[in-house]
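Structure first, commentary second.
The values are calculated or read from the model by the stated rules, or taken from the named source; none is laboratory data. Just so it is clear, the model here is predicted, and its values are computed rather than measured. As a convention, Cβ positions derive from the backbone with ideal geometry for all residues, glycine included, and neighbour counts pool all protein chains shown. With ligands, DNA and RNA removed, areas are computed over all heavy atoms of the protein, side chains included. Shrake-Rupley method; radii C 1.70, N 1.55, O 1.52, S 1.80 Å.
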Amino acid sequence: MKTHAELSESELELLYSRATERIVRKKEIILGKGEICRYKILVIKGLLRTYRTKEDGTEYIIQFSPENHWTTDPESYENRTPSNYIVDALEDSRILLWTKKDFDEFLSVMPELKLFSEKVKSASLSISRQRIFSAISSSAEEKYDEFISTHPGVFARVPLHMVASYLGLSRETLSRVRNAQVKR
C-alpha cells in the first residue's frame with residue numbers, strides 16, 4: 001500500500017492494527033457460497049481464487065488473487081446479501097482482512113486511502129470489462145496470449161484446468177493452443 005497510496009506511517013499503523021491477519025491453508029475456504037462477505041481481503045503471500053459453480057459442479061473462475069492483490073465479493077460486501085461466489089486458497093497463504101465498518105471508517109478519515117480504493121475499483125471494473133470483451137471477441141489463442149501477458153506469475157502456479165476455467169475454454173482446447181504455442 002505504501003507504493004500506491006501516500007499514507008503516513010500512523011495511518012498505515014492504524015490500518016494494520018485493525019486488520020485481522022490469517023494464515024489459510026491450501027484449499028481452505030475463506031468465503032463460502034451463501035455466506036455474506038464481511039471483509040476486504042489483501043493477499044500478503046500466496047494465491048487465492050474467486051469462483052462460482054453451476055448445479056452440475058462445474059467451476060467458473062472469476063479471479064486469481066496473488067500477492068499484493070485485493071479480493072472480495074463486492075455485491076455481497078456492499079449490500080450484505082448472500083454470496084454466489086467462493087473464495088479459497090490455491091496455496092498456503094497469508095492474508096489481511098478488514099471489516100466493512102472499519103474500512104468505511106478508514107475511507108472517511110483517510111482521503112489518500114479513499115482515492116486508492118477508488119483507483120482499485122476502477123481498475124477492477126476495467127479488467128472485468130476487458131474480460132467480457134475478450135470472452136465474446138477473442139479466439140482461444142488470443143485469450144491464452146492475453147492471460148500469459150496479464151498473469152505471468154499465475155500460469156505456473158495453477159493447474160491447467162483452472163486456467164481453462166478462467167478463460168472459458170475446455171481443457172483440451174487450452175492444451176491444443178498451448179502445445180501449438182510451444183512448437184512455434
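Taking all protein chains together and rolling a 1.4 Å probe, I23 ends up with roughly 90 Å² accessible.
Among residues other than R18 whose Cβ falls under 15 Å from its Cβ, what is the net charge (Lys/Arg +1, Asp/Glu -1)? Write out the running numbers ahead of the final one.
On the way: positive: R22, R38, K40, K100, K101; negative: E11, E13, E21, D102, D104, E105.
Local net charge: -1.
Accessible surface comparison of W70, W98, probe 1.4 Å, protein chains only, largest first: the order is W70, W98. For the chain, modelled as a GNM whose springs connect Cα atoms under 10 angstrom apart, the maximal fluctuation among A140, A89, A156 occurs at A156.
Placing +1 on the Cβ of every Lys and Arg and -1 on the Cβ of every Asp and Glu, with nothing else charged, gives segment 1-68 a dipole about its Cα centre of roughly 320 debye.
Here the Gaussian network model covers the chain, with springs between Cα atoms less than 10 Å apart; of E21, E55, E118, E55 fluctuates the most.
Here the contact order of segment 1-65, divided by its residue count and restricted to Cα pairs under 8 Å and six or more residues apart, works out to 18 percent.
Find out how many positive minus negative residues lie around S76, taking Lys and Arg as positive, Asp and Glu as negative, among other residues whose Cβ is under 13 Å from that of S76. That sum, taken over residues with Cβ under 13 Å, equals +2. Each Lys or Arg adds one and each Asp or Glu takes one away; over the other residues whose Cβ falls under 14 Å from the Cβ of R94, this sums to -1. Here the chain is treated with +1 on each Lys and Arg Cβ and -1 on each Asp and Glu Cβ, and its dipole about the Cα centre works out to around 560 debye.
Ordering H69, L15, S138 by the projection of their Cα atoms onto the charge dipole of the chain, which places +1 on the Cβ of Lys and Arg and -1 on the Cβ of Asp and Glu, puts S138 at the extreme positive end.
Helical runs (DSSP H, four residues minimum) scored at -39500 (n - 2.57) apiece and divided by the length of the chain put the mean residue ellipticity at 222 nm at -14500 deg cm²/dmol.
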